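The values are calculated or read from the model by the stated rules, or taken from the named source; none is laboratory data. Small disclaimer: the values here were computed from a predicted structure and weren't measured. Cβ placement follows ideal geometry from the backbone for every residue including glycine, while neighbour counts extend to all protein chains displayed. Side chains included, ligands, DNA and RNA excluded: accessible areas come from the protein's heavy atoms. Shrake-Rupley method; radii C 1.70, N 1.55, O 1.52, S 1.80 Å.
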Amino acid sequence: MSTTHIAAQTLKSLSSEDWSVLSALERALEAYEVVPFEYISKTTNLHLDEVKFRLKRLDQLKLIHLTTNGATLVSAGLDALALRGFVKRNFISGIGPIIGVGKESDVYEAIDDAGRAYAVKFYRIGRISFRAIKIKRSYVEPTAHHHWLKVNISAAKKEFEAIKKLSQVGVSVPEVIARNRHALLMERIRGMLLVDCKELKEPKKVLKEILKNIRLAYTKAGIVNADLSEFNILCSDSKILLIDWPQAVSKEHPNATILLDRDVLNILKFFRRRFKIDCSMEDASFYVRGWRDSVELHS
Ligand SMILES: Nc1ncnc2c1ncn2[C@@H]1O[C@H](COP(=O)(O)OP(=O)(O)O)[C@@H](O)[C@H]1O
Ligand SMILES: [Mg+2]
């Protein structure tokens, strides 16, 4: 079972005192590497013995890391807090199977009371280096842990803001419903990554649609994805959706046009390789900047 499923399962078994201990550890993210027992006891108003008793359980559930001096929140604990946030606001009632594993995240299906499906993206930046550290030293430095939890929270914030802005100007992105900590609750897209589409009915139309959306993002929202490729485009029926925006940069960024051209080049190369469609880089680049009104594709 994944740590996220463990977090989801433990939601029901945790008492309000357990939650206040978890929240106390979270609030101390900035101040402590290992949060001292006395601090937790003071901020939760729970007796020191009760704090230690609850921490032991939370450690067994793998939501925190317990040491002799105190405790540290770990990523499954942050998952539990984020899921509880979504559940409390009645957005979802349960977590389903994993539906995507990216470079920096795990994406799970979630359902609400009415059985509607959503996607929850949990940020996992730093996961690789955790493993590397673990192999070398057999434990994870609490400092590293806290640092990555904060990095993941700000990545989720950035992506949430970018997607909201993009959807306002009509860019084809999944609808974002809410963000809690390092987790994004989104519309669940039933489709395939572009990289997995061996065939397309109308590849020219799809490429045009992608370029049109890159243009819209740049000219109307002032946003460049900066990591766009066949791995960050979902195809659903005849529709395409641009996903994965945490590293997006604004039009004002000094490298904005370089990054914009790199996004465009990735896409053109893919369509040339897989679907034998040609398009000049100059033409596409001027089109997405809004300097030309159309783009010519040849096959
Ligand atoms: N809204 C969504 N609906 C369905 N699947 C999704 C959704 N968002 C992401 N995924 C799946 O999760 C994977 C990882 O998401 P992505 O946003 O690309 O994160 P990463 O930064 O980790 O690459 C995607 O490749 C895709 O398969
Ligand atoms: Mg991705």
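Some notes on this structure:
- Output for the stretch 158-172, where each listed residue is under 14 Å from the mean Cα position of the chain (by Cα) and touching a residue at least 24 places away in the same chain (Cβ under 8 Å): Lys158, Glu159, Phe160, Ala162, Ile163
- Note on the stretch 2-66: enclosed helices (runs of 4 or more DSSP H) holding 3 or more residues that are within 25 Å of Ile92 (Cβ to Cβ) and aliphatic (A, V, I, L, M) are 3-13, 16-27.
- Extreme residue, most open to solvent (accessible area, probe 1.4 Å), among residues of the stretch 41-50 that are more than 15 Å from Ser15 (Cβ to Cβ) and of a type outside the set (Ser, Thr, Tyr): Lys42
- Restricting Ile277, Ile240 to those that are over 30 Å from Ile153 (Cα atoms), in contact with a Ser or Thr (Cβ under 7 Å, 6 or more places away or on another chain), touching a residue at least 60 places away in the same chain (Cβ under 8 Å) and of a type in the set (A, V, I, L, M, F, W, C) reduces the list to Ile277.
- Considering the stretch 218-237, the residues that are among the hydrophobic types (A, V, I, L, M, F, W, C) and under 25 Å from Asn152 (Cβ atoms) include one that is farthest from ligand 2 (Cβ to nearest atom), namely Ala221.
- Qualifying residue in the stretch 223-236 (condition: away from ligand 1 (no atom under 16 Å from the Cβ) and open to solvent by 50 Å² or more (accessible area, probe 1.4 Å)): no
- Residue, farthest from Ile125 (Cα to Cα), within the stretch 51-75, restricted to residues that are of a type in the set (A, V, I, L, M) and open to solvent by less than 40 Å² (accessible area, probe 1.4 Å): Val51
- Of the residues Leu242, Leu207, the single one that is more than 22 Å from the chain's Cα centre (by Cα), at negative phi and of a type outside the set (Gly, Ala, Ser) is Leu207.
- Cβ-Cβ distances below 7 Å connect the following pairs, each with a first residue in the stretch 214-233 that is under 12 Å from Ala248 (Cα atoms) and among the hydroxyl-bearing types (Ser, Thr, Tyr), a second residue that is open to solvent by 20 Å² or more (accessible area, probe 1.4 Å) and not in a strand (DSSP E or B), and a separation of six or more residues or different chains: Tyr218/Lys251; Tyr218/Arg289.
- Residue, farthest from ligand 1 (Cβ to nearest atom), within the stretch 112-133, restricted to residues that are buried (at least 17 other Cβ atoms within 10 Å of the Cβ), of a type in the set (A, V, I, L, M, F, W, C) and at pLDDT below 95: Phe130
- Scan the stretch 244-258 for residues that are closer than 20 Å to Glu161 by Cα and more than 16 Å from ligand 1 (Cβ to nearest atom) and the total you get is 5.
- Members of the stretch 92-111 that are of a type outside the set (Val, Ile, Thr), buried (at least 17 other Cβ atoms within 10 Å of the Cβ) and farther than 16 Å from Leu149 by Cβ: Gly96, Tyr108, Glu109, Ala110
- Long-range neighbours under 8 Å by Cβ, at least six apart or interchain, first residue closer than 17 Å to Lys88 by Cβ within the stretch 177-194, second more than 16 Å from ligand 2 (Cβ to nearest atom) and among the basic types (Lys, Arg): Ala178/Arg89; Arg179/Lys157; Leu185/Arg179
- One residue from Val120, Val87 being under 11 Å from Leu184 (Cα atoms) and either in contact (Cβ under 8 Å) with a residue 24 or more places away in the chain or touching a Pro at 6+ places or on another chain (Cβ under 6 Å) (or both): Val120
- Screening Arg215 on (1) open to solvent by 20 Å² or more (accessible area, probe 1.4 Å); (2) within 16 Å of ligand 2 (Cβ to nearest atom) shows it passes everything except condition (2).
- Residues of the stretch 178-192 that turn out to be in a strand (DSSP E or B) and either basic (Lys, Arg) or more than 10 Å from ligand 1 (Cβ to nearest atom) (or both), as a count: 4
- Residues in the stretch 193-210 that are open to solvent by less than 60 Å² (accessible area, probe 1.4 Å) and either small (Gly, Ala, Ser) or within 16 Å of ligand 1 (Cβ to nearest atom) (or both): Leu193, Leu194, Val195, Cys197, Ile210.
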